[in-house]
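Accompanying notes for the structure given below.
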Amino acid sequence: MSLSPNHGERRGGARPDLVVIHYTAMESAALSLARLCDPAAQVSAHWLIDTDGTVTALVPEERRAWHAGSGRWGEVTDVNSRSIGIELQNRGDHPFAAAQMTALERLLEGILDRWAIPPERVIGHSDMAPARKADPGPRFDWRRLARAGLSVWPEEGAKADPAQFLPALHAFGYDPAQPPAVLLRAFRLRFRPWGEGAPDPLDAGMACDLARRFPVDPARPGP
């Protein structure tokens, strides 16, 4: 049973090994639900979480929902076939409600357990489509998820040569085909939204820590 008609088979027999978190950028969950279920919109997600913590299942997790669009994480270029998409009701310009974050944590716990997805494979839309997307944005509490073992966070205060920043981002999973400025913006949206200017030793230290501990290809660890 599916509320949204906007889904299909996962290509090539793929199983989900990523979770992509979004915000709806709409005024209400009712409007978001209508769009995610509109055949003409051709967009969907597996789950929608309202600000009060109400969780709505839109597409069975076994199916390929149309939430990610074009993008890449590591070697994955068909992100829709390899991911589960979660939409959070949020305009994009205000904090995420406590009840909503609690519901997200509960949902993620089940998803990661069902599909054996490690926490480093929980990413934002802006991570896999950095030139197009900014969600879930700088107000999303990634550190809270990391403390719960549902995502990852870099060691803070570590420093490294800024020349290592981009190689570390690529080793962590960011698309090496994207311009450096685009990747810097995406990294800071998630990990250091107060950062300014060119990549500095703190940016590089955080990126290198992520690459060392969570390389997207363990056979080729980062710097």
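The values are calculated or read from the model by the stated rules, or taken from the named source; none is laboratory data. Since this is a predicted model, take the numbers as computed values, not measurements. Glycine gets a Cβ as well: all are built from the backbone with ideal geometry, and neighbour counts include every protein chain shown. In case anyone asks, the SASA skips ligands and DNA or RNA and just uses the protein heavy atoms, side chains included. Shrake-Rupley method; radii C 1.70, N 1.55, O 1.52, S 1.80 Å.
When the Karplus curve 6.51 cos²θ - 1.76 cosθ + 1.60 is applied with θ = phi - 60°, which whole-Hz ³J(HN,Hα) does each residue of the stretch 3-20 get, with x for Gly and Pro?
Result, rounded to whole Hz: 6, 9, x, 8, 7, x, 6, 5, 5, x, x, 5, 10, x, 9, 9, 10, 10.
How much space per residue, in cubic angstrom, does the convex hull of the C-alpha atoms of the stretch 1-146 take up?
106
I'd like the accessible area for Phe96: 1.4 Å probe, protein heavy atoms, all chains in place, Å² to the nearest 10.
Around 30 Å² of this residue is reachable by solvent.
Leaving ligands, DNA and RNA out of it, report the carbon-plus-sulfur percent of the accessible area of the chain at a 1.4 Å probe.
Carbon and sulfur together cover 53 percent of it.
For Val122, what residues show an amide H to amide H distance below 5 Å, using hydrogens built from the backbone and excluding near sequence neighbours?
Under 5 Å from the amide H of Val122: Val19.
Under the Karplus relation 6.51 cos²θ - 1.76 cosθ + 1.60, θ = phi - 60°, what is the ordered set of whole-Hz ³J(HN,Hα) values for the stretch 153-166, x standing for Gly and Pro?
Working through the residues one at a time gives 9, x, 5, 8, x, 5, 10, 8, 5, x, 5, 8, 4, 5 Hz.
How many nm is it between the label spots at Asp17 and Gln42, if each spot is 7 Å from the Cα in line with the beta carbon?
Result for the modelled spin labels: 2.9 nm.
How much of the DSSP beta bridge set in the chain is antiparallel, as a percent to the nearest 5?
Working: 6 of 18 bridges.
Once the DSSP bridges in the chain are tallied, antiparallel ones form about 35 percent.
Not counting ligands, DNA or RNA, and with a 1.4 Å probe, what is Asp17's accessible surface area in Å² rounded to the nearest 10?
40
Accessible area per residue, 1.4 Å probe, Å², for the stretch 160-223: what's the number?
Working: 2840 Å² over 64 residues.
Heavy-atom SASA per residue in the stretch 160-223 reads 44 Å².
In whole Hz, with x marking every Gly and Pro, tabulate ³J(HN,Hα) for the stretch 62-74 from phi via Karplus 6.51 cos²θ - 1.76 cosθ + 1.60, θ = phi - 60°.
5, 9, 8, 7, 9, 10, 8, x, 6, x, 7, 9, x
Mind jotting down the distance between the C-alpha centroids of the stretch 5-28 and the stretch 95-157, whole Å?
Using only Cα atoms, the two centres lie 15 Å from each other.
Under a point-charge model restricted to the Cβ atoms of Lys and Arg (+1) and Asp and Glu (-1), what is the dipole moment magnitude of the chain relative to its Cα centre, in debye to the nearest 20?
Here the chain has a charge dipole of around 240 debye.
Just to confirm, what accessible area per residue do you get for the stretch 47-144 at 1.4 Å probe, in whole Å²?
Per residue, the stretch 47-144 has an accessible area of 39 Å².
Given charges of +1 on the Cβ of Lys and Arg and -1 on the Cβ of Asp and Glu, with all other atoms neutral, how large is the dipole of the stretch 12-144 about its Cα centre, in debye to the nearest 20?
Rounded to the nearest 20 debye, it is 240 debye.
Simple spin-label model, 7 Å along Cα-to-Cβ: Ala30 to Trp115 in nm?
Each label point is offset 7 Å from its Cα along the Cβ direction, giving 3.1 nm.
Which whole-number percent gives the relative contact order of the chain, counting Cα pairs below 8 Å spaced six or more residues apart?
Dividing the mean separation by the residue count of the chain yields 20 percent.
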